[in-house]
Amino acid sequence: MALTESFLRRFRQFFGKKSRPRHELMLYLFFLLIAVVIWYMNALNKDYITDLKFSTSFVDLPADKVMIQAPDDYVTLTVQAQGFTLLKYRLGIIFHPVLIKANYKNLKQLRKGKYYMLTSSVVEHISEQLSSDINLIRVMPDTLRFMFSDMVQKKVPVKVISQFQFEKEFTALGNIKVEPAEVTVSGPHAIIDTIRYIYAQGKTFKGLKDTLKAMLALQPVDLLSFDADEVHITLPVERVTEAGVSVSIEAINLPEGFSLKTFPGSISVNCMVPVSRFNKLQPQMFRAVVDYESITNSKESKAKVVISKSPDFVLDVRYHPKSVDFIVEK
């Protein structure tokens, strides 16, 4: 310290005089810097007591509980150590969260769902996580408060919300397959009761012309855990071609003793069908109907034809005519 004060005094005297050469100024600054470094190094060799703030991570939680409210995410540690060691922590050279065991051994119950922990009970465990040359004096706050809920489980189906875009003349052949189709969800009873689906993270798949196989991560839900992190999806994709069939028209909702004839008696149906099922397409897979009740309640002279059934593997169903002449006979 005396060395530093001496240089400072001479530095003031130096600048109190005029017209000093530049090289003399640089010489004084050099020696002043050395003095400051020596003083600082000497100061860092001494022991100090100070407070250090650390982020926290709670581990070893009760297996039958889920934490729905945690204490503040940091603790303040009062420590004693050399200046060099403390400087490393201050500069972030040494930094890691403090792990705190929130198990039944350290937790005390206030009332149902509410617990507290005296940080004095985990001083030794925290001290083991610090550098060996640091002496932990105390942990603040002295009490940590928690809120837990009973852990419950149930199986929940997985829903895929991805978008699938196909190349021209290609389409999906059947439904998407998800494995596993259900996941076991664990968490607080109040939240579990509201969960109907677990969603796979949405993604857009473009230009599909072959069977799609992909992995999708599950969307996280606060306070819930799953027994799987992702699901495997399979979507059969196949080329489609146009096909046509002739389907007879049926009358429905006819009163007893009545009959209805249409002219023509059938319609032409065209649709896009997967190539592998082209030869399996049959007229009886479709149903074309004329509703007698709609005729009697309409002022139109023709009956409207509706397709009430079609195979689930066909696309873009078109038919003609959409209305026909008719005769009702008793």
Region 147-193, subset basic (Lys, Arg) and closer than 27 Å to Phe278 by Cβ, residue modelled with the lowest pLDDT: Lys168
Do we have Thr76 as modelled with pLDDT of 85 or more, polar (S, T, N, Q) and surrounded by fewer than 16 Cβ atoms within 10 Å (Cβ to Cβ) here? yes
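For (1) under 30 Å from Lys209 (Cβ atoms); (2) under 33 Å from the mean Cα position of the chain (by Cα); (3) outside the structural domain of Ala181 (by TED's automatic domain parsing), each residue gets a yes or a no:
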{"residue": "Val59", "(1), (2), (3)": "no, yes, yes"}
{"residue": "Lys65", "(1), (2), (3)": "no, yes, yes"}
{"residue": "Ile126", "(1), (2), (3)": "no, yes, yes"}
{"residue": "Ser131", "(1), (2), (3)": "no, no, yes"}
{"residue": "Val158", "(1), (2), (3)": "yes, yes, no"}
{"residue": "Lys168", "(1), (2), (3)": "yes, yes, no"}
Out of all the residues in region 224-247, is one or more closer than 14 Å to Phe326 by Cβ and either surrounded by fewer than 13 Cβ atoms within 10 Å (Cβ to Cβ) or among the aromatic types (Phe, Trp, Tyr) (or both)? no
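Return the residues of region 153-193 that are among the small types (Gly, Ala, Ser) and in contact (Cβ under 8 Å) with a residue 60 or more places away in the chain; say none if nothing qualifies. Talk me through it step by step, then tell me what you get.
Within region 153-193, the first condition is being among the small types (Gly, Ala, Ser), and the residues that meet it are 162, 172, 174, 181, 186-187, 190.
Within region 153-193, Ser162, Ala172, Gly174, Ser186, Gly187 meet the criteria.
Identify, from the list Leu136, Leu118, Leu173, Leu130, the residue that is over 24 Å from Asp47 (Cα atoms) and buried (at least 17 other Cβ atoms within 10 Å of the Cβ). Let's see the steps before the verdict.
Details: Leu136 fails: over 24 Å from Asp47 (Cα atoms); Leu118 fails: buried (at least 17 other Cβ atoms within 10 Å of the Cβ); Leu130 fails: over 24 Å from Asp47 (Cα atoms).
Selected residue: Leu173, the only one of Leu136, Leu118, Leu173, Leu130 that is over 24 Å from Asp47 (Cα atoms) and buried (at least 17 other Cβ atoms within 10 Å of the Cβ).
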Give the residues of region 273-305 that are among the β-branched types (Val, Ile, Thr), touching a strand residue (DSSP E or B) at 6+ places or on another chain (Cβ under 6 Å) and surrounded by fewer than 15 Cβ atoms within 10 Å (Cβ to Cβ), sorted by residue number. Val275
Val269 - would you say it is of a type outside the set (Phe, Trp, Tyr), part of a strand (DSSP E or B) and more than 48 Å from the chain's Cα centre (by Cα)? no
In region 296-322, the residues that are over 51 Å from the mean Cα position of the chain (by Cα) and not in a helix (DSSP H, G or I): Asn297, Ser298, Lys299, Glu300, Ser301, Lys302, Ala303
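The values are calculated or read from the model by the stated rules, or taken from the named source; none is laboratory data. Source: prediction; values computed, not measured. Cβ: placed from backbone, ideal geometry, glycine included. Neighbour counts: every protein chain shown.
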